[in-house]
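The values are calculated or read from the model by the stated rules, or taken from the named source; none is laboratory data. Everything numeric here is computed off the predicted structure, so don't read it as measured data. Glycine also receives a Cβ, built like all others from the backbone with ideal geometry; neighbour counts cover every protein chain displayed.
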Amino acid sequence: MQHASRVVTSNQPGPHTDLARRVQRALDHPLQKPVAEHSQNAFDAARAWLDKTRAPLILDAGCGVGLSTRRLAERFPDHAVIGVDRSESRLSREHGALADNVHLARADLVDFWRLAQAAGWAPTRHYILYPNPYPKAAHLKMRWHGHPVFPTALSLGGRLEVRSNWRVYIEEFAQAVKLATGVTALVEAHPPGSEYLTPFEAKYAQSGQPLWRLVCETLPRGESV
Ligand SMILES: C[S@@+](CC[C@H](N)C(=O)[O-])C[C@H]1O[C@@H](n2cnc3c(N)ncnc32)[C@H](O)[C@@H]1O
């Protein structure tokens with residue numbers, strides 16, 4: 001098949017039994033790791049850009065090549081859309097000129113989210129699209145909802161949307177949101193039709209894989225799910 005892409009396989013039959021403990025640990029012990037210089041520089045540049053736009057913010061966390069960032073900017077022309085990814089090679093791939101309301105930042109999200117929180121950023125929309133699943137049970141702490149930075153990412157608020165081709169990832173994420181904030185997230189199948197938001201979405205959908213998403217409003221920001 002032209003677009004064949006493997007389904008996620010895992011030694012986990014369902015949500016991880018250690019999830020609640022990981023989330024509580026993240027809540028009890030905020031991350032102390034120093035911010036990397038390149039992340040600080042990328043954040044400072046993003047902040048200077050955002051201040052100039054004076055538009056409400058949308059964050060595209062783990063944006064890869066930035067296609068979704070561009071598409072979100074088209075869909076929400078009155079917003080400033082910032083895509084963040086740690087991969088220089090992905091971000092530097094040619095995908096056309098950037099519109100005035102798009103900014104791409106090469107930074108580690110573990111740093112960028114903390115800097116955004118410290119700066120009081122409040123995105124109206126926050127996307128985490130097809131994050132690395134780390135499907136081995138032993139790698140729970142590498143998934144965003146098992147990571148110590150998880151409460152920081154949620155604390156930014158707004159409408160949060162997470163998409164994955166691994167249902168367990170979405171179910172776990174929803175459980176973690178509930179544990180950390182009390183908010184119940186909507187979990188649903190999300191066949192994208194032909195309107196792919198990201199290259200990974202296109203690859204998985206064209207391989208016939210079912211896709212899943214979670215949507216929640218982590219803090220009331222005036223926009224409904
Ligand atoms: C599976 S790809 C998905 C990319 C894109 N969202 C898509 O759907 O096409 C996951 C992306 O997350 C990025 N990523 C993973 N961990 C990251 C981190 N700590 N900070 C920033 N980006 C990260 C990777 O570089 C990669 O581009």
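A few points about this structure:
- Taken as a whole, the structure leaves Ala122 outside the set of residues that are over 12 Å from Gly62 (Cβ atoms), within 16 Å of the ligand (Cβ to nearest atom), at pLDDT 95 or above and not hydroxyl-bearing (Ser, Thr, Tyr).
- Residue match in segment 157-171 (condition: of a type in the set (A, V, I, L, M) and either modelled with pLDDT under 95 or in a helix (DSSP H, G or I) (or both)): yes
- For segment 14-30, filtering for residues that are of a type outside the set (Asp, Glu) and surrounded by fewer than 16 Cβ atoms within 10 Å (Cβ to Cβ) leaves 9.
- Single residue of Pro77, Pro13 found to be under 30 Å from Gln209 (Cα atoms), free of Cβ contacts under 8 Å to residues at least 60 places away in the same chain, more than 16 Å from the ligand (Cβ to nearest atom) and not polar (S, T, N, Q): Pro13
- Qualifying residues in segment 155-174 (those that are among the charged types (D, E, K, R) and either in contact with a strand residue (DSSP E or B) (Cβ under 6 Å, 6 or more places away or on another chain) or crowded, with 24+ Cβ neighbours inside 10 Å (or both)) - the one nearest to Arg213 (Cα to Cα): Arg163
- Flag not set for His147, criterion: under 27 Å from Ser10 (Cβ atoms), away from the ligand (no atom under 12 Å from the Cβ), buried (at least 19 other Cβ atoms within 10 Å of the Cβ) and touching a residue at least 12 places away in the same chain (Cβ under 8 Å).
- Extreme residue, nearest to the ligand (Cβ to nearest atom), among residues of segment 84-119 that are aliphatic (A, V, I, L, M) and without any contact (Cβ under 8 Å) to a residue 24 or more places away in the chain: Ala118
- Taking each residue of segment 45-69 that is within 20 Å of Arg159 (Cβ to Cβ) and within 9 Å of the ligand (Cβ to nearest atom) and looking for partners that are charged (D, E, K, R) and at pLDDT below 95 with beta-carbon atoms closer than 9 Å, six or more apart or interchain, yields Cys63/Arg90.
- Here Tyr169 clears all of (1) under 17 Å from Gln12 (Cβ atoms); (2) in contact with a Lys or Arg (Cβ under 8 Å, 6 or more places away or on another chain); (3) more than 13 Å from the ligand (Cβ to nearest atom) except the condition numbered (3).
- Residue in segment 81-94 that is of a type in the set (Gly, Ala, Ser), under 26 Å from Val35 (Cβ atoms) and under 13 Å from the mean Cα position of the chain (by Cα) present: yes
- Answer from Ala205, Ala153 - the residue that is out of contact with any helix residue (DSSP H, G or I) (no Cβ under 9 Å at 6 or more places or on another chain) and within 16 Å of the ligand (Cβ to nearest atom): Ala205
- Unmet requirement for His79, which otherwise passes all of (1) within 20 Å of Thr124 (Cα to Cα); (2) surrounded by 13 or more Cβ atoms within 10 Å (Cβ to Cβ); (3) of a type outside the set (Gly, Ala, Ser); (4) at pLDDT below 95: (4)
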